[in-house]
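**Student:** Input: one structure, supplied below.
The values are calculated or read from the model by the stated rules, or taken from the named source; none is laboratory data. Source: prediction; values computed, not measured. Every residue, glycine among them, receives a Cβ derived from its backbone with ideal geometry; neighbour counts consider all protein chains shown. Heavy atoms of the whole protein, side chains included, go into the accessibility calculation; ligands, DNA and RNA do not. Shrake-Rupley method; radii C 1.70, N 1.55, O 1.52, S 1.80 Å.
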Amino acid sequence: MASSFERAVKRNQHKVNKNRKKKGQPVLGSGMENEDIFKGRAFIFPFVLVVLAFMFLTLSGVTKDGISGFDWFVFILYIGLALMYFLRRPYLKVGKKRIKTIKLSRERSLGVEDIKRIVVDKGSIIIEHNAKGSNWAFSRLLNLYDTDAMGERLITFAQTHQIPVEDKKALKEAK
C-alpha cells in the first residue's frame with residue numbers, strides 16, 4: 001500500500017476509535033495497545049500549596065492594614081494550582097513492551113531494553129533503568145498506589161521479558 005493511504009487509514013481508525021471510546025464501546029483494530037493502568041492520588045504537594053496559600057494570605061493581612069484584591073487573587077491561584085495537582089492523578093501504565101508514567105507533567109516511557117531490574121517491596125516499587133535521571137519509585141504512602149496489584153503485574157511483565165526482579169515482600173513473608 002502507498003504510505004499516504006496507510007496514513008489515511010490510521011487517521012480514520014483513530015477517529016473511529018476515539019468516538020467509540022466516548023460512547024463506551026470497545027476500540028477496533030490493533031492500533032490501540034492494551035495497557036494495565038494503575039492510578040494513584042497526589043495529596044502531599046496540593047496540601048503544601050493550600051497551607052502556603054493560607055500562610056501568604058494571613059501574613060499579607062498582618063503586615064498591611066488589610067488584605068488587598070491582589071492578595072485574594074494570588075490566594076485563588078494557589079488554591080487552583082493545588083486543585084489541579086490533586087485532580088491530575090499519577091499513574092503507571094504497563095503495556096506489552098513498555099511501561100509509562102507521568103513525571104514533571106510529561107509522560108515518560110521505558111522500553112524493555114532500558115529496564116535494569118524491578119524491586120518489589122511491601123508498600124513500594126522501584127524500577128531501576130539505564131536512562132538518565134533517577135529510578136522510578138511508586139509508593140503507597142506518598143501517592144496511594146495499589147502496590148500489591150502493581151507488583152504482581154510488574155513481576156509477570158519482568159518474567160515475560162527476562163528482567164531481574166527482587167521481591168523483598170515475598171522474602172519477608174517466607175521468614
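**Student:** For the stretch 20-28, state whether one or more residues are farther than 26 Å from Ser139 by Cα, part of a helix (DSSP H, G or I) and touching a residue at least 12 places away in the same chain (Cβ under 8 Å).
**Tutor:** no
**Student:** So is Leu57 hydrophobic (A, V, I, L, M, F, W, C), farther than 25 Å from Ala149 by Cβ, open to solvent by less than 60 Å² (accessible area, probe 1.4 Å) and touching an Asp or Glu at 6+ places or on another chain (Cβ under 7 Å) or not?
**Tutor:** In short, yes.
**Student:** Can you pull out the residues in the stretch 40-75 that are closer than 30 Å to Ile125 by Cβ and out of contact with any Phe, Trp or Tyr (no Cβ under 8 Å at 6 or more places or on another chain)?
**Tutor:** Ile44, Phe47, Val48, Val51, listed by residue number.
**Student:** Could you check the stretch 80-96 and list, in sequence order, the residues that are farther than 17 Å from Trp136 by Cα and either in contact (Cβ under 8 Å) with a residue 24 or more places away in the chain or of a type in the set (Lys, Arg) (or both)?
**Tutor:** Leu81, Ala82, Leu83, Tyr85, Phe86, Arg88, Lys96
**Student:** Would you mention how many residues in the stretch 60-75 are hydrophobic (A, V, I, L, M, F, W, C) and surrounded by fewer than 11 Cβ atoms within 10 Å (Cβ to Cβ)?
**Tutor:** 3
**Student:** Can you tell me which of Leu81, Leu92 is in a strand (DSSP E or B), out of contact with any Cys (no Cβ under 6 Å at 6 or more places or on another chain) and open to solvent by less than 80 Å² (accessible area, probe 1.4 Å)?
**Tutor:** Being in a strand (DSSP E or B), out of contact with any Cys (no Cβ under 6 Å at 6 or more places or on another chain) and open to solvent by less than 80 Å² (accessible area, probe 1.4 Å) holds for just one of Leu81, Leu92, which is Leu92.
**Student:** Quick one: what pairs do we get from the stretch 51-67, first residue without any contact (Cβ under 8 Å) to a residue 60 or more places away in the chain and farther than 16 Å from Ile79 by Cα, second outside any helix (DSSP H, G or I) and not β-branched (Val, Ile, Thr), C-beta under 8 Å, 6+ apart or different chains?
**Tutor:** Correct list of pairs: Ser60/Ser68.
**Student:** Can you confirm whether Phe43 is open to solvent by less than 40 Å² (accessible area, probe 1.4 Å) and either farther than 30 Å from Gln159 by Cα or without any contact (Cβ under 8 Å) to a residue 60 or more places away in the chain (or both)?
**Tutor:** no
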